[in-house]
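Here is the structure we will look at.
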Amino acid sequence: MSERRISPRTGQRRSLPTTGDGGGNGDGGRRPAESYFDPLFTDATLRPLLIVCVLTISAFGAALVALAIGDRNILAMAALAVAGGLTLFAVDTERRRSRSLRLPAVLLSIWLLSILGGLSYAKLLPA
């Protein structure tokens, strides 16, 4: 199914493809986020990429946790609050749409690694 949109430059109508069924389920034809990440879970050759992505994001999360706890940085605390809210929103949305726990499990592992890394580094910081 495709939508008809008018191009702002040419004024001509063009068709834009949509993903999903585009039916009356209220999601505008969007697919669950897990469908984009599904090859990372199912294809064994892409699992090292998934591991590297999880560890990289966890390193940034650990830096935020260390700044928030060790230095009591307000901006780091705000960034953690926003990231936590977005994570809860993503987990809730995925739970409603796909009933699969793969993506929420990856997000939980990222948070656990971030917290453990941040706390261990915050203990090393001078007070």
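Rule-based calculations on the coordinates, nothing more; no lab input. Since the structure is predicted, the reported quantities are computational estimates derived from the model, not experimental observations. When we count neighbours, we look across all protein chains shown, and the Cβ atoms used for this are built from the backbone with ideal geometry, even at glycine.
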Checklist entry - For labels at residue 116 and residue 93 in the simple 7 Å Cα→Cβ model, what's the distance in nm? => result 2.8
Item to check | Whole-Å distance, taken between Cα centres, linking segment 45-75 and segment 84-123 | outcome: 11
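Hey, could you get me the Stokes-Einstein D for segment 34-124, Kirkwood radius over alpha-carbon pairs, 10 °C and 1.306 mPa s, rounded to whole µm² s⁻¹?
114
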Item to check | Proxy reagent accessibility, fewest Cβ within 10 Å first, across 71, 38 | outcome: 71, 38
